[in-house]
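What follows is one structure encoded as structure tokens, with my remarks underneath.
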Amino acid sequence: KVGRYALLVFIAVVVLFPIYAVVLQALKSGPDSLDHPRSLLPVDLTFSTIREACTQGDLGRLLMNSLFVSVVVTIGVIVTSLLAAYAFAFLDFPGKTLMFVVVIGTLLLPIEVTLIANVEIIRTLGMLNSVQGLTLPFLATALGIFLIRQGFLGIPKDLRDASELDGYGHLRFLFKVAVPMTKPIIGSFLVISFLGAWNQYVWPRFATDQNRWQTVQVALRTIGSENPDQLNLGFAAAIIAAIPLLILLIFFQRQIVRGLTAGAVKG
């Protein structure tokens, strides 16, 4: 038992040390952040770096851009995943299995494969530097369809038959029965979708060429990088950008655990 606890403590230190170092760098002035190894000691801390990063990087506007884009993407991908997963789980139509295989096969394609084609489409449609351009390619995902479909398959078929006898149509059964019964899986996918949309860097980099449409992840690359002696501003901006994700994980941690463990134990 002592060995196991020692191993866990060592792993925890390895995982948490980078976070500790970033927080200290974000709370030190420019010269102090470059004074190694003193920069890794909790001394001479100041919150002025946080304020300067907000002012220099205009983080308030960038955070609102990222928040709006992430919310739109999350809502869109939840709706499309629910509808598609319901079709694959409960409806019968020609080519259903083949179509599902093709959808799942898109998980093997990285964003770089479709990047140029998507950029050309957005440019042709005149959607550069717009909410539509930032969100449209991510309003559907095979991962969400797969996860929610697996949850729907766990719903007894007799329940669907009984709901039809009670006059439930497809949409009513979906939102009144199927969604409540798979809420943990949907909740965990909601968090995954928001995290993915918030951390997007490649697509916003190509879909925008005006500063006012940039997201916070794109701007983090430039904040403080113009002056090598002010790298602490970049660390401070990264900490600020991570706060919404931390809040989200705190509020949805139970749903994440329940979603990941759904179906793991049968009783």
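The values are calculated or read from the model by the stated rules, or taken from the named source; none is laboratory data. All values derive from a computational prediction rather than experimental measurement. Quick reminder, even Gly has a Cβ in these numbers, built from the backbone with ideal geometry, and neighbours come from all protein chains shown. Just the protein is used for accessible areas: all its heavy atoms, side chains included, with ligands, DNA and RNA removed. Shrake-Rupley method; radii C 1.70, N 1.55, O 1.52, S 1.80 Å.
Tell me whether region 60-67 contains one or more residues that are over 23 Å from Asn211 (Cβ atoms) and free of Cβ contacts under 8 Å to residues at least 12 places away in the same chain. Break it down stepwise before answering.
Just the residues of region 60-67 that are over 23 Å from Asn211 (Cβ atoms), to begin with: none.
The answer is no; no qualifying residue exists.
Would a scan of region 232-244 turn up a residue that is at pLDDT 80 or above and over 21 Å from Tyr20 (Cα atoms)?
Looking for residues that are at pLDDT 80 or above and over 21 Å from Tyr20 (Cα atoms), one finds none in region 232-244, hence no.
Determine, yes or no, whether Arg172 is over 29 Å from Gly196 (Cα atoms), free of Cβ contacts under 8 Å to residues at least 40 places away in the same chain and part of a helix (DSSP H, G or I).
Working: over 29 Å from Gly196 (Cα atoms): yes; free of Cβ contacts under 8 Å to residues at least 40 places away in the same chain: yes; part of a helix (DSSP H, G or I): yes.
Yes: the conditions hold for Arg172.
With the requirement that a residue be open to solvent by less than 90 Å² (accessible area, probe 1.4 Å) and more than 22 Å from Ala241 (Cβ to Cβ), what does region 10-31 give you?
Ile11, Ala12, Val13, Val14
Before we move on, is Leu128 assigned to a helix (DSSP H, G or I), surrounded by 12 or more Cβ atoms within 10 Å (Cβ to Cβ) and in contact with a helix residue (DSSP H, G or I) (Cβ under 9 Å, 6 or more places away or on another chain)?
No: the conditions fail for Leu128.
Would you confirm, using the coordinates I've provided, whether Gln150 is part of a helix (DSSP H, G or I), touching a Gly at 6+ places or on another chain (Cβ under 9 Å) and open to solvent by 70 Å² or more (accessible area, probe 1.4 Å)? Let's see the steps before the verdict.
Values: part of a helix (DSSP H, G or I): yes; touching a Gly at 6+ places or on another chain (Cβ under 9 Å): yes; open to solvent by 70 Å² or more (accessible area, probe 1.4 Å): yes.
Taking the combined requirement at face value, the residue satisfies it.
Only residues in region 232-247 that are in a helix (DSSP H, G or I) count as the first member; pair them with residues that are at pLDDT 85 or above, Cβ under 6 angstrom, at least 6 apart or cross-chain, and list the lot.
If the second residue must be at pLDDT 85 or above, the pairs left are Phe235/Val22; Ala241/Val216.
Per-residue answers, yes or no, for (1) farther than 30 Å from Arg123 by Cβ; (2) crowded, with 20+ Cβ neighbours inside 10 Å:
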site: Gly167; (1), (2): yes, no
site: Val179; (1), (2): yes, no
site: Pro184; (1), (2): yes, no
site: Leu195; (1), (2): no, no
site: Ala207; (1), (2): no, yes
site: Asn211; (1), (2): no, no
site: Leu231; (1), (2): yes, no
site: Ile239; (1), (2): yes, no
site: Ile243; (1), (2): yes, no
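How many residues does region 79-91 hold that are more than 15 Å from His170 (Cβ to Cβ) and either assigned to a loop (DSSP other than H, G, I, E, B) or open to solvent by less than 20 Å² (accessible area, probe 1.4 Å) (or both)?
Adding up the residues that qualify gives 1.
Given the criterion open to solvent by less than 80 Å² (accessible area, probe 1.4 Å), small (Gly, Ala, Ser) and under 30 Å from Gln25 (Cβ atoms), identify the matching residue among Gly95, Gly76, Gly57, Gly105.
Gly57 is the lone residue from the list that is open to solvent by less than 80 Å² (accessible area, probe 1.4 Å), small (Gly, Ala, Ser) and under 30 Å from Gln25 (Cβ atoms).
Are any residues in region 60-73 over 15 Å from the mean Cα position of the chain (by Cα) and crowded, with 18+ Cβ neighbours inside 10 Å, and if so, which ones?
Scanning region 60-73 gives a single hit, Leu62.
Only one residue in Glu120, Glu112 is in contact (Cβ under 8 Å) with a residue 24 or more places away in the chain, open to solvent by 60 Å² or more (accessible area, probe 1.4 Å) and part of a helix (DSSP H, G or I). Which one?
Unique residue meeting the criteria: Glu112.
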